[in-house]
Amino acid sequence: MRNFELPGRSMAVARHGMAATSHPQSTLAAVNVLQRGGNAIDAAVAAVAVQGVVEAGSTGIGGDCFALLSKGGSTDIVAYNGSGRAPAATDLTLFEQQGIDKIGPQSVHSVTIPGAVEAWARLVRDHGKLDLGELLQPAIKLAREGYAITPRTAYDLGQQVEHLSANATARKTFLDADGKAFAVGSVHTQPELANTLEAIANHGPDAFYKGAIADDMVETLQGLGGVQSQADFAAAKGEYVKPISTEFRGRSVFECPPNGQGITALLIMNILSRFKPKPDPLDIDNLHIEIEATRLAYAARNAYVGDNANSSLARHMLSDKLADELAAMIDLKHAVALPAYSEVEHKDTVYISVVDKDRNAVSFINSLFSVYGSGIVSKRSGVLFHNRGQSFSLIRNHPNQIAPGKRPMHTIIPAMVAHEGKVELSFGVMGGHYQAMGHAHVLSKVYDHGMDLQSALDLPRLFPLPGTATVETEEILRKMHGEELKRRGFEIAVRPSPIGGGQAVAIDWKNGTLSGASDCRKDGMALGY
């Protein structure tokens, strides 16, 4: 139980339905859908559509998504990969001829074909109770009539003025007449996005992937030197996939398979399972083991993971043999020496967890990758494009090498936890590359230390940058353990913004109640009825 004398908030607790998101308007939209008869997937899609308007720097129809769905608490979990692919005309040789060895965050080549809209429509059609057009109405209204800028949105917007100013349409869309960020409490509209969402509501996903809106997106991207085509958009389609899982502290943890990095989160948990944690969740040795498990697991991710979901990869990365080998390398006296690896910095996302009255649970994540994605907005349709292609490798024969029609390694990962044959937790942690570590960190705090969901999400965080001995730390941990971590061979870096976020909803099958939590690092909330 939390200490009520300390700053913080309690978990939300309710009987019938619960939603947890990183924005109040999104949570409210989800709960409203549940109360008028929609189920968990309906509520999740309504919520994420709203977030694509009110928290546009983190998500939107120009991005990708992944989802896990449990019906009635069943461990026969449905997984959907809604990530987009590189254009058919992608050619690594052209990058090599131009001397490009890395795709930049504002590069038009970082824009893979957005998969979110197709995924929303498919999931609602196959598993929802309401019509997609109805679910998009709250987002349309907010985009057209306006919404108030919240504190974290204002903070993110203020950090990205230069990024958005590089594109004329982005500048006009997200900055004021003087080219400055909107302040907290300012009312902002996105009329072009409202029109696009309305077209999708009226005509389905084809309104986005074919016709005038697709033409506008292609024209915008090709005008910047991109090779995206109408055919690429028309061919966009996600797929149902089989979840992967491991056992952690007597529970089954489920993730989506590659091209996502969920397999990395499971590997971290397998390594942590080889150690007995000390009672204090912030004990320096506990943190040291988490850091090293993360560094080792991410090294494996960077070597093996791309658009290559297959049983042999899963067997290797989730084997006892690999976990034993990596755990044996951890020495509490000093940092493990890893080979150097160039890695893009970690980014931003939104995560949504919803459980309905029938105990259908949805773990849903949607992302633009960087804050405000590529910073490229389509000229007439108001679509802000993600820059997920920045994650591709330009090294030939690498599992994550860019190629026509290929999906990049994805950092966004929804998760679920089951115990005694029923799903008991739907959760996710935002923060780009941090997410795999974040999953292991939160579950360790809940199951190793008995912390409630809200307290576990609110704990201070750190993150070792993949392939390095540099550990980004939030201020509290830097003051507590910075010097000792340096003594052990780590380099301590100041994280310029909070590390990630997170939401969770737990099912108490004995009492028939739900508990929800939403990370203090965002504007959001958990709310039930």
With the structure loaded, tell me whether Ala201 is in contact with an Asp or Glu (Cβ under 7 Å, 6 or more places away or on another chain) and on the phi < 0 side of the Ramachandran plot or whether it fails that test. no
Can you confirm whether the range 490-500 contains a residue that is without any contact (Cβ under 8 Å) to a residue 60 or more places away in the chain and more than 20 Å from Arg521 (Cα to Cα)? yes
Show me the helices (runs of 4 or more DSSP H) entirely contained within the range 252-335 in which 1 or more residues are buried (at least 18 other Cβ atoms within 10 Å of the Cβ) and modelled with pLDDT under 95. 284-304, 311-317
Looking at the range 358-373, can you tell me whether even one residue there is in contact with a helix residue (DSSP H, G or I) (Cβ under 9 Å, 6 or more places away or on another chain), of a type in the set (Asp, Glu) and buried (at least 24 other Cβ atoms within 10 Å of the Cβ)? no
Failed item in (1) surrounded by fewer than 24 Cβ atoms within 10 Å (Cβ to Cβ); (2) at positive phi; (3) touching a Gly at 6+ places or on another chain (Cβ under 6 Å), with Gly72 passing the rest: (3)
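Sort out which residues of the range 418-431 are surrounded by fewer than 24 Cβ atoms within 10 Å (Cβ to Cβ) and not acidic (Asp, Glu), and write them in order of number.
Passing the criteria: Ala418, His419, Gly421, Lys422.
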Any chance Val505 is in contact with a Ser or Thr (Cβ under 6 Å, 6 or more places away or on another chain), in contact (Cβ under 8 Å) with a residue 40 or more places away in the chain and assigned to a strand (DSSP E or B): yes
Could you look through the range 63-93, keep only residues that are outside any helix (DSSP H, G or I) and of a type in the set (Ser, Thr, Tyr), and pick out the one that is farthest from Ser353 (Cα to Cα)? Thr90
Take Ile103 and decide whether it is among the β-branched types (Val, Ile, Thr), touching a Ser or Thr at 6+ places or on another chain (Cβ under 6 Å), in a loop (DSSP other than H, G, I, E, B) and on the phi < 0 side of the Ramachandran plot. yes
Restricting to the range 139-170, and then to whatever is in contact (Cβ under 8 Å) with a residue 40 or more places away in the chain, assigned to a helix (DSSP H, G or I) and β-branched (Val, Ile, Thr), can you tell me which residue is nearest to Met217 (Cα to Cα)? Thr169
Could you list all residues from the range 447-481 that are within 21 Å of Ala337 (Cβ to Cβ) and without any contact (Cβ under 8 Å) to a residue 60 or more places away in the chain? Thr470, Glu472, Thr473
Exclusive hit being under 20 Å from Ala116 (Cα atoms), at pLDDT 95 or above and more than 23 Å from the chain's Cα centre (by Cα), set Ala46, Ala88, Ala79: Ala88
Determine, yes or no, whether Leu130 is over 24 Å from the mean Cα position of the chain (by Cα) and free of Cβ contacts under 8 Å to residues at least 24 places away in the same chain. no
Could you tell me whether any residue of the range 44-54 is closer than 20 Å to Lys237 by Cβ, touching a His at 6+ places or on another chain (Cβ under 9 Å) and either in contact (Cβ under 8 Å) with a residue 12 or more places away in the chain or surrounded by fewer than 24 Cβ atoms within 10 Å (Cβ to Cβ) (or both)? no
Identify, by number, the condition in (1) farther than 21 Å from Val505 by Cα; (2) in a loop (DSSP other than H, G, I, E, B); (3) in contact with a Phe, Trp or Tyr (Cβ under 7 Å, 6 or more places away or on another chain) that Gly60 doesn't meet. (3)
Exactly one of (1) of a type outside the set (Lys, Arg); (2) within 23 Å of Asp523 (Cα to Cα); (3) free of Cβ contacts under 8 Å to residues at least 24 places away in the same chain is unmet by Tyr372. Its number? (3)
Would you confirm, using the coordinates I've provided, whether Glu134 is within 28 Å of Gly37 (Cβ to Cβ), in a helix (DSSP H, G or I), at pLDDT 95 or above and among the charged types (D, E, K, R)? yes
Of a type in the set (Ser, Thr, Tyr), touching a residue at least 12 places away in the same chain (Cβ under 8 Å) and surrounded by 23 or more Cβ atoms within 10 Å (Cβ to Cβ): does that describe Ser515? yes
Residues satisfying the stated conditions in the range 78-104, i.e. of a type in the set (A, V, I, L, M) and surrounded by 13 or more Cβ atoms within 10 Å (Cβ to Cβ): Val78, Ala79, Ala86, Ala88, Ala89, Leu92, Ile100, Ile103
Go through (1) polar (S, T, N, Q); (2) touching an Asp or Glu at 6+ places or on another chain (Cβ under 6 Å); (3) not in a strand (DSSP E or B) and name the single condition Gln51 misses. (2)
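The values are calculated or read from the model by the stated rules, or taken from the named source; none is laboratory data. Remember, it's a predicted structure, so these values are computed and weren't measured experimentally. Positions of Cβ are backbone-derived with ideal geometry, glycine not excepted, and every protein chain shown enters the neighbour counts.
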